[in-house]
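Contents: one structure, followed by commentary.
Each reported figure results from applying straightforward, stated rules to the coordinates on display, with no laboratory input. It should be emphasised that the depicted structure is a prediction, and the values quoted were computed from it without experimental measurement. No Cβ is skipped: glycine too gets one built from the backbone with ideal geometry, and neighbour counts run over all protein chains shown.
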Amino acid sequence: MSSSETVDASTARSVLVTGGSKGIGRAIAESFAAAGHKVAATYRSGGVPDGVLGVQCDVTDAEQVDAAFKQVEEAHGPVEVLIANAGITADNLMMRISDDDWSKVIETNLTGSFRVARRAARPMTRARWGRIIFISSVVGLLGSAGQVNYAASKSGLVGMARSIARELGSRNITANVVAPGFIETDMTAVLSEDQVKAYQAQIPLGRLGGVADIAAACEFLASDAAAYVTGAVIPVDGGLGMGH
Ligand code: NDP
């Protein structure tokens, strides 16, 4: 499996993307499918792209996670490449974050990612091959006023990935983090024009990113070219988080 190249049936991997119904996850699923891999994507509402196996799953529910993996295993074989992408925001100033808004962000972004990684790990260990990719955020490294819950969840993914990299490295399983900057999706569509302009002014490349930029980084991390990359945090942020 090499980066940005199509594969044949003998080298196609079983890939699972969480949160593949829209935005970044959808683009990741599309790009792995276009390269010839056997791709499944989870959704809660909405559908998944053509050519991708859709499995309904809320990552906050351990039983649904297990059922989703079983469906993928039956259709495509054990998951070899996991992309933990499902995520939400519930932004507010810290003093106004309710316990509920704290818990639901941590439960989805951090615990949900742990749950899918844990479920994927045993078959990967048996196969002596696996790629686990967590979609974090520049905000997890840089911090962001009004996103204390979200930033905590996203920086937690870094410690988790690096610990998994240490636990499972001897089994030829890599665990890495992609840290997107400001990417145009539904998640960022809620921001005001002024907020977008303020972000843009801080981005050395002077523009917002696209979903394909994130998919390309994931393809690289899943490829043979990245076989010696583990515990890494790859920023895809136009330079927004440089040095963090
Ligand atoms: P979207 O809001 O467009 O998509 C989020 C996806 O996550 C949807 O498919 C949604 O499914 C799924 N999802 C949310 N909650 C759950 C849950 N409990 N169980 C299963 N799936 C769930 O967001 P983006 O595409 O923008 O973001 C994708 C990831 O990238 C997130 O982790 C986000 O934090 C991260 N990110 C995004 C950035 C950006 O600028 N857009 C920047 C940095 C990081 P459904 O709609 O079916 O509920």
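Things to note:
- Candidates A41, A152, A84, ranked by Gaussian network fluctuation over the chain, Cα under 10 Å, top entry: A152
- Whether segment 1-45 is rounded, prolate or oblate, judged on the alpha carbon gyration tensor where a/c under 1.5 counts as rounded: prolate
- For segment 7-88, the set of GluC sites (Glu not before Pro) satisfying both a DSSP loop assignment and a count of at most 11 other C-beta atoms within 10 Å is empty.
- Here K70, K38, K22 are placed in order of increasing Cβ neighbour count within 10 Å, fewest first, which gives K70, K22, K38.
- 0 to 90° range, to nearest 10: angle between helix 148-168 axis and the chain longest Cα axis: 30
- For the chain, the longest principal axis of the alpha carbon atoms and the long axis of helix 62-76 meet at an angle near 50°.
- Amide H contacts under 5 Å for I203: none, restricted to partners 5 or more places along the chain or on a different chain, H placed in the peptide plane at 1.01 Å from N.
- Value of [θ]222 nm, deg cm²/dmol, for the chain, DSSP H segments ≥ 4, -39500 (n - 2.57) each, nearest 500: -13000 deg cm²/dmol
- Distance cut-off 27 Å, percentage of C-alpha pairs in the chain lying past it: 30
- Overall Cα dimensions of segment 1-110, principal axis frame, Å, largest first: 53, 28, 22
- V17, V229 arranged by Cβ crowding within 10 Å, fewest neighbours leading: V229, V17
- Extension gain for R96 to S163 (0.36 nm times residue separation, less C-alpha to C-alpha distance): 20.9 nm.
- Stokes-Einstein D for segment 158-207, Kirkwood Rh over Cα pairs, 20 °C, 1.002 mPa s (µm²/s): 158
- Taking other C-beta atoms within 10 Å as the exposure proxy, S136, S21 rank S21, S136 from fewest upward.
- Efficiency of FRET between A198 and A227 - r from beta-carbon atoms, R0 30 angstrom, step 0.05: 0.15
- Modelled label positions at A34 and R128, each set 7 Å beyond Cα in the direction of Cβ, lie 3.5 nm from each other.
- In a simple Cβ point-charge model (Lys, Arg +1; Asp, Glu -1; nothing else charged), segment 14-234 has a dipole of about 700 debye relative to its Cα centre.
- Most positive-pole-ward Cα, G51, G23, L141, against dipole of the chain from beta carbon charges: L141
- In nm, spacing of pseudo-spin labels at A75 and N172 (7 Å Cα→C-beta vector): 2.7
- Straight-line cross-link partners of K104 among the lysines, defined as a Cα under 23 Å from its Cα and at least 8 positions apart when in the same chain: K22, K154.
- Relative to the longest principal axis of the Cα atoms of the chain, the long axis of helix 23-34 lies at roughly 30 degrees.
- Proximal lysines to K70, defined as alpha-carbon separation beneath 17 angstrom and excluding residues fewer than eight positions away on the same chain: K38
- Label positions at A145 and T11, each projected 7 Å from the Cα along the C-beta direction, are separated by 5.0 nm.
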